[in-house]
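J.: Quick one: structure below, then a few questions.
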Amino acid sequence: MHRIWSFVAEYSLLLVGGAVLALAWANLAPESYHSLVHLPLWTDAPIGVLESHGDSATRVLTLHFLVNDLLMALFFAMAAKEVWEAVILSGGSLRGKKALTPLIATLGGMVGPIAVYLALAATLGVLAETGRGWAIPTATDIAFSYLVGRIIFGARHPAIGFLLLLAIADDAGGLAILAIFYPSGEVAPLWLLLSVAAAVAVWLLASWLPRRLDRGRQDRPNSTWTRRILGSWPYVIAGCVSWYAFYRAGLHPALGLLPIIPAVPHAERDFGIFAEEERYAHDLLNTMEHALKVPVQIVLCAFGLVNAGVEFGAISTPTALVLLGLVIGKPLGITLFGWFAANVLRLGLPDGMALRDLPVVGCVAAIGFTVALFVASVAFPAGPVQDAAKMGALFSLGSAAIAILAGRIAQVRRRG
């Protein structure tokens, strides 16, 4: 059973299984599926979806909100931890100026899909009906792209760190677009100051201060007491505060834990993205990641279940616009901007990564599932256009096959 679970977890089969189940369920019994997805768990809750009832409004914590907005923050935190270590620690594959290359490539990965989407919409004469969906193909799904990236490159290839940084920045950019161009309510950026304050406070009180008080003392009593008695609780509390700040700021709270990651005590050396050697590390950041691995696998299964349920009858022109924006615009934009950053700006690529890997990374990044579905739900009102756009985001999972083929053509050498 341990070997079976390790195989399922390593290849994110729970996520894939949840998505396949949702797609089948939504097409065989759509009413029961949508009833489950929007099942109210807590009415008049402090967090949740704001629903209007006559002259009053109340927040309802639904299953969809619980999974997408709250629990998925754990996955984003795990991914951010790996990227943070790759950027800041000794031996990190993205340390120094080379971290700028994937960030510039991210910009290309957003500009390319927008250009393709709008150009096709204008050519087909549907710009007026579908123009609001220009942001749908800008985001990269971290979970699925990481899964496909592992299959193509292996766990230890520097392209994995490049891909994760690109995917996280891509989703952050997509969510910023969502907040600016598709506000669901009043955007309150001042709430983000609370998130920053939580990160700074927990670093000062739980990390810097005990080490400061232990200066010149070999037994390190304050640091030992903090580690043994308080453990991870200060960071858990700070994470909750940061999540709530993102939620109240009008930004997607799934990224709410990211500001806390740099504040958590970490190892001195990076062993690689999700490296096996990390299980022997005893720093708090790695310890917390190990504790989250099984829960996050279950969360990913639930995420696939509540998001992938789209009926096949919804396929129409917006489906093609979103799909082509992703599978053409993403690889093209990432390759061109990545080449420009690496060669023209002389920023280079991570050690062990070649220019021929860029188009492959672009094809992997063309999987736009999570935020693409979310943006589609707010870009268009409920109805056939929204459903068609969601189907385009779902079909982008087919980019996995394109990416695997591109990896073979580029003769990518798998590592780990």
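J.: With every protein chain kept in place and ligands, DNA and RNA left out, what is the accessible area per residue of the chain? Probe 1.4 Å, answer in Å².
T.: Values: 19280 Å² over 416 residues.
I get 46 Å² per residue for the chain.
J.: Express in nm, to one decimal, how much length is gained between VAL20 and ARG211 on full extension, taking 0.36 nm for each residue of separation and deducting their alpha carbon distance.
T.: On the way: separation 191, 0.36 × 191 = 68.76 nm, distance 4.96 nm.
In short, 63.8 nm is gained.
J.: Quick one: if the Förster radius is 51 Å, what FRET efficiency do ALA401 and ARG220 give, using the C-beta to C-beta distance and rounding to 0.05?
T.: Details: r = 53 Å, r/R0 = 1.05.
Computed FRET efficiency for ALA401 and ARG220 comes out at 0.45.
J.: Show me the helices of the chain, taken as full DSSP H stretches, that run 27 Å or more along their long axis by Cα and average 0.5 or above in Kyte-Doolittle hydropathy.
T.: What comes out of the filter, once short or polar helices are dropped, is 100-124, 158-181, 284-307.
J.: Another question, if that's okay. Just the number, please: carbon plus sulfur as a percent of the accessible area of the range 330-403, 1.4 Å probe, no ligands or DNA/RNA counted.
T.: Details: 1820 of 2600 Å².
Here it works out to 70 percent.
J.: As an exercise, use a Förster radius of 35 Å and the Cβ-Cβ distance of ARG228 and LEU193 to find the FRET efficiency, rounded to the nearest 0.05.
T.: 0.60
J.: In straight Cα distance, which lysines are under 17 Å from LYS97, not counting same-chain residues fewer than 8 positions off?
T.: Within reach: none.
J.: What percent do you get for the relative contact order of the range 290-388 when only Cα pairs under 8 Å and 6+ apart count?
T.: Across the range 290-388, relative contact order equals 39 percent.
J.: Can you work out the base-10 log of I(q)/I(0) for the range 302-368 at q = 0.23, 0.24, 0.26 1/Å, using the Debye formula on its C-alpha atoms alone?
T.: Log10 I(q)/I(0), no solvent term: -0.96, -1.00, -1.09.
J.: How big is Rg to Rh over the chain, alpha-carbon atoms, Rh as the Kirkwood inverse-mean-distance radius?
T.: 0.97
J.: Could you calculate the FRET efficiency of GLU268 with LEU355 from 1/(1 + (r/R0)^6), where r is the beta carbon distance between them and R0 is 25 Å, rounded to 0.05? Walk me through the numbers on the way to the answer.
T.: Values: r = 32 Å, r/R0 = 1.26.
Taking R0 as 25 Å, the efficiency between GLU268 and LEU355 is 0.20.
J.: Restricting to Cα pairs below 8 Å that are 6+ residues apart, what does the relative contact order work out to for the chain? Please round to a whole percent.
T.: Rounded, it is 29 percent for the chain.
J.: Another question about this same structure. How far, in nm, would the chain grow between VAL344 and LEU41 when pulled straight, counting 0.36 nm per residue and subtracting the alpha carbon separation?
T.: 103.7 nm
The values are calculated or read from the model by the stated rules, or taken from the named source; none is laboratory data. All of these numbers come straight from a predicted model, not from anything done at the bench. Here the Cβ is made from the backbone with ideal geometry for all residues, glycine too, and neighbour counts use every protein chain on show. Ligands, DNA and RNA are stripped out before the accessible areas are found, and what is left, the full protein with its side chains, is counted by its heavy atoms. Shrake-Rupley method; radii C 1.70, N 1.55, O 1.52, S 1.80 Å.
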